[in-house]
1. List the number of the failed condition for Gly54; all other conditions in (1) surrounded by fewer than 17 Cβ atoms within 10 Å (Cβ to Cβ); (2) among the small types (Gly, Ala, Ser); (3) out of contact with any strand residue (DSSP E or B) (no Cβ under 6 Å at 6 or more places or on another chain) hold.
2. Quick test for you: out of Lys388, Lys396, Lys404, Lys370, pick the one residue that is closer than 14 Å to Ser202 by Cα and either touching a strand residue (DSSP E or B) at 6+ places or on another chain (Cβ under 6 Å) or surrounded by fewer than 19 Cβ atoms within 10 Å (Cβ to Cβ) (or both).
3. For segment 89-140, which positions are touching a strand residue (DSSP E or B) at 6+ places or on another chain (Cβ under 7 Å), in a helix (DSSP H, G or I) and over 14 Å from Ala72 (Cβ atoms)?
4. Exactly one condition in (1) assigned to a helix (DSSP H, G or I); (2) free of Cβ contacts under 8 Å to residues at least 40 places away in the same chain is not met by Phe76; state its number.
5. For segment 1-54, which positions are without any contact (Cβ under 8 Å) to a residue 60 or more places away in the chain and not in a helix (DSSP H, G or I)?
6. Which members of segment 79-88 meet the condition of being in a helix (DSSP H, G or I), of a type in the set (S, T, N, Q) and within 32 Å of the chain's Cα centre (by Cα)?
7. For segment 414-423, which positions are within 10 Å of Ala199 (Cα to Cα) and crowded, with 20+ Cβ neighbours inside 10 Å?
Amino acid sequence: GAAIEALYGVLLPRLREQGMEKLYFDVELPLCRVLADMERSGFLVDGGALARFGADLSDTIRQLEERIYAAAGQQFNINSTKQLGKVLFEDLGLPHGKKTKTGWSTNADVLEKLKDQPLVADVLTYRQYAKLKSTYADGLLKVIDPDGRIRTSFQMTVTATGRLSSTEPNLQNIPVRSPLGREMRKFFVARDGYVLVDADYSQIELRVLAHISGDRNMIKAFNDNTDIHTVTASEVFDMPPQLVTPIMRSRAKAVNFGIVYGIGAFSLAKDIGVSRSEADEYIKGYLRHYSGVDKYMHDVVEKAKKDGYAETMFARRRYLPELTASNANTRAFGERVARNMPIQGTAADIIKIAMIRVYERLERENLAAKLIMQVHDELIVEAPENEKERVSALLKEEMENAVKLSVALTADVHSGRTWYDAKG
């Protein structure tokens, strides 16, 4: 007890002097109660269906093994990089990269390039299924509590940007990229007589970027309620919005999101499969149109160099000794972080505020619904059927009004019996 009091005497003045008093007392501290309640509630899982899914995966994995062995003309351990490298590059003589001390590289990049070759596509699929089976199907079955619910732990002090993280098990990384991975969400369910109400912010990081940078074009695009990716495409490709094709839109989308992460032409080119010079043109076109963002990108790095840290709208800090490093790669990393942390971190602060408001309002209105999950820009509430409409409206309202920015925040809300159905 005495130690805590002594700390209070030292740390409170320091919070004040760093301007983080509000962040602590209005966001982090009240959030503790919310997270504790979410951890207690847990998320119901359909264990039977999950076990059947695991068994189906096993069958498919066995079939893939047989096909791989047949194509290779031998049995070997597919999970051993060394044995797989030998089969692919020595026995079958496929084109290969460099040989390292430990053998041939068989990482995803190498195999992606060879996926038209016999056996390679099967190996990639095999890896995907094996990972799903061990980490998710088997891994989640092991941590189901006697009441059928899975209880994760939320960490508030792990990420450098202020995002929450989830451990034992991590429910924030249930795969969404692949259709097969998305199936996992079908096993997360509401209990009888209840539904899951899922609300997620639409493009919150881009909206935060528009607000923080004060970029007039981006603010206007959001406030006119236009589709930001189409608007960006029409600028980058210099044509009227109605002529923008889906592929142009998806490329513009990659630029929009990439810019937030301080992406360079090289990475962008790889992500969307165009040449480096083309990617460079896209980035230049983007920064010409969104000149406020261009200025922000420059100014925020300068400010971080001067201050020694980057900060969010709510004064959350991340110190950046990397900015003064002698190594150029380290400095470049520091610059990317200086650009991105204020955006990702502000979005994280906003969602935390929304969580507190949703929680307090559910309590105030004596609703039986409970907030049970947060995945970065998405909140999930388990609500009795008869509270579904009220809870949906409440979530939307609290999330959209968590803070006032120069652009509207919008949240999309859907509900369903499973997390998969509630994702809309």
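1. Condition not satisfied by Gly54: (1).
2. Lys396
3. Leu140
4. So the condition that Phe76 fails would be (1).
5. Gly1
6. Answer for segment 79-88, where residues must be in a helix (DSSP H, G or I), of a type in the set (S, T, N, Q) and within 32 Å of the chain's Cα centre (by Cα): just Thr81.
7. Ser415, Ala422
So that you can scan it fast, the table gives a plain yes or no per residue for (1) under 20 Å from Gly292 (Cα atoms); (2) at pLDDT 95 or above; (3) in contact with a helix residue (DSSP H, G or I) (Cβ under 7 Å, 6 or more places away or on another chain); (4) open to solvent by 80 Å² or more (accessible area, probe 1.4 Å):
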{"site": "Met239", "(1), (2), (3), (4)": "no, no, no, no"}
{"site": "Asn256", "(1), (2), (3), (4)": "yes, no, yes, no"}
{"site": "Gly262", "(1), (2), (3), (4)": "yes, no, yes, no"}
{"site": "Lys270", "(1), (2), (3), (4)": "no, no, no, yes"}
{"site": "Ser275", "(1), (2), (3), (4)": "no, no, yes, no"}
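The values are calculated or read from the model by the stated rules, or taken from the named source; none is laboratory data. Remember, predicted model here, so these are calculated numbers, not experimental data. With ideal geometry, Cβ positions are generated from the backbone for all residues, glycine too; neighbour counts draw on all protein chains shown. The accessibility values were calculated without ligands, DNA or RNA, using every heavy atom of the protein model including side chains. Shrake-Rupley method; radii C 1.70, N 1.55, O 1.52, S 1.80 Å.
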